[in-house]
Amino acid sequence: MKKTSSAVLPVIAVNRNSARPLHNQIYDAYRALIVDGNLRPGQQLPSTRALTSELNVSRIPVLTAYAQLLAEGYCETRVGAGTFVSRSLPDQMLPTKRSTGLRTPIRSGSRSIARRAQVLPQYKAEPGLRGLGPFCVGQPAYDQFPFSIWANLVARYCRNPRPGALHYGGPLGFEGLRDAICTYLRTARLVRCDPEQVLIVSGSQQALEISTRVLLDPGDWAWVEEPGYWLTRQVVTAAGGKLAPVPVDDEGLNVAIGIKRCRKARVAYITPSHQYPRGATMSASRRLQLLEWADRAGSWIVEDDYDSEYRYGSMPIASLQGIDRGARVIYIGTFSKTMFPALRLGYVVVPLDLVDRFAAVRNAMDLGPPYFPQAVLADFINDGHFARHTRRMRLLYNERRIALVDGLRKEFGAYVNVLGAEAGMHLVVTFSKVFRDVEVAERAAHEKLWLVPLSSSYVGPDPVQGFILGFGGAAVADTPHAVRQLKRVLMN
Ligand SMILES: Cc1ncc(COP(=O)(O)O)c(C=O)c1O
């Protein structure tokens, strides 16, 4: 097959009725694109043949325009490669400011946007989410992931895909992956499910979003854990729901308080296996109480089971969904911790009567998940790599967790209180010292130490001050130094 140019054809208009010759029009258009910075140094121009055909003109004016651009130094040729915008444009030819659509001055009239787009605070990366490092929450051990195996599986699918795989795949996702997840969940989490109840989603975040769109009307109340996962609250708020914060203690969500304060909530969002962020496991009696409330009130429970693959010392806890006899639980899981967050793959197990509703919402959103990562992940699970990798990581994270707890005790002694270190990839620390965690996190960020303030997990007016510290991403040998750095920033 003939090699074709990789250059993008810019939009230029030529007017055959104009008195200005065609080659001048083409030259002017290219010169303007270069001077305005819309074509950047090093960027390839289309071949004269391609441009001739695109503009539907004869080749002569195109050749003449290119010759002039070359002669004046706007362009250069590379043997065998084509024509490019000069890498060494003189200063006077360079744009003063890169002109892009984004910088177009805003002069139009009213620019009102939907109220629902304004209920969230403007997006701003929290200090603890700006970079990787010792305490980064949700950072697995990237250097331990078996990328050579992954790459082989990717090649298996991408080299010669069948046409059906390249077409639209349906809102529930790839059947092979739904099967694999189902098998895994039935065994490892005692989830009661069939593949037709499983939806593949772009991480738990999308699962929370779809569940909320299906279950919650604007103005409806939703129980959220206090403290709890800030992104769950954002989803509820964005949907126009009202937050009913329900306190969490060592037995998980305090259901009795929830019922007392807001019996009629439509949905309860909870993390019963490993409460985020404090780490409690919901007790059996609270689980039963919660299910009974949901049955009586006709409410729904969204179970976010985001990291239960990692438990140290005790057996994994069965899912709440597995003991639900009223089909009230929507069960959510993710591969962000077990694989890596950029994979953006998770799943929802939906009560059978709601599957079509979930599918319709997903379809309207983006028609469904991309095929290749799903197919590769299905093989990764079915070939045993997933189980092997999570087993290895459980051992590794256990060592990292112990190193962090030991380091904290050594540096802070009786001043530190460690919570929720028995599972997952993070723990919580509070200190018997008065400080504002948000300010400490800002100070720490200047030293590239990324701390997540505990107070950001609260809705109410009196948040506990402390930090959520991830331990998945830091080698044991690096932990003592990181803890000393934390101490220095905190004591300053
Ligand atoms: C409570 C909770 N849910 C879900 C997630 C994972 O989100 P996602 O699957 O969208 O990456 C996290 C990540 O830290 C979390 O803490």
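Laboratory data are not the source of any read-out in this text; all were calculated from the coordinates shown. The model shown is predicted, which means the values in this text are computed figures rather than measured ones. Glycine also receives a Cβ, built like all others from the backbone with ideal geometry; neighbour counts cover every protein chain displayed.
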Derived scalar couplings ³J(HN,Hα) [the range 73-86; Karplus, 6.51 cos²θ - 1.76 cosθ + 1.60; whole Hz; x for Gly, Pro]: x, 6, 10, 9, 10, 10, 4, x, 10, x, 9, 9, 5, 4
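How much FRET efficiency would the formula 1/(1 + (r/R0)^6) give for PHE147 and HIS446, where r is the Cβ-Cβ distance and R0 is 25 Å, rounded to 0.05?
Details: r = 33 Å, r/R0 = 1.32.
Efficiency at R0 = 25 Å is approximately 0.15.
Once fully extended, how much extra length lies between ASN56 and ALA477, figured as 0.36 nm per residue of separation less the alpha-carbon to alpha-carbon distance?
145.0 nm
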Could you compute the FRET efficiency for GLU439 and ARG156, with r as their C-beta to C-beta distance and R0 at 45 Å, rounded to 0.05? 0.35
Cross-link partners among aspartates and glutamates for LYS337, C-alpha distance below 17 Å, same-chain residues fewer than 8 apart left out? ASP143, GLU303, ASP304, ASP305, ASP307, GLU309, GLU399, GLU422
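Assuming 0.36 nm per residue, please report the length gained on full extension of the stretch ASN492 to ARG261 beyond their Cα-Cα distance. Can you show the working numbers first?
Values: separation 231, 0.36 × 231 = 83.16 nm, distance 4.07 nm.
That works out to 79.1 nm of additional length.
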Cα→Cβ-extended label distance, 7 Å offset, between MET315 and ALA414, nm: 3.9 nm
Using a cut-off of under 16 Å, list every residue of the range 42-69 whose amide N is near the label point 7 Å from the Cα of ASN24 along the Cα-to-beta-carbon line. 61-62, 64-66, 68-69
The FRET efficiency for GLU76 and ALA342, from their Cβ-Cβ distance with R0 = 60 Å and rounded to 0.05, is 0.95
Among residues other than ARG409 whose Cβ falls under 14 Å from its Cβ, what is the net charge (Lys/Arg +1, Asp/Glu -1)? +2
Taking the inverse of the average 1/r across all pairs of different Cα atoms in the range 213-271, what Kirkwood radius in Å do you get? 11.3 Å
Taking the Cα centre of each part, how many Å lie between the range 274-307 and the range 156-215? 23 Å
Prolate/oblate/rounded call for the range 228-358, Cα gyration tensor, a/c under 1.5 rounded: rounded
In whole angstrom, and with the biggest value first, how far do the Cα coordinates of the chain range along each principal axis? 86, 57, 53
Where labels lie 7 Å past Cα in the beta-carbon direction, separation of GLN118 and ASN38 in nm: 3.3 nm
Gyration tensor verdict on the range 169-282 (Cα atoms; rounded if a/c is under 1.5, prolate if a/b is larger than b/c, oblate otherwise): oblate
Radius of gyration and maximum dimension Dmax of the range 403-492, Cα, Å: 12.4, 39
Once you place label points 7 Å from the Cα toward the Cβ at GLU251 and ILE12, how far apart are they in nm? 7.6 nm
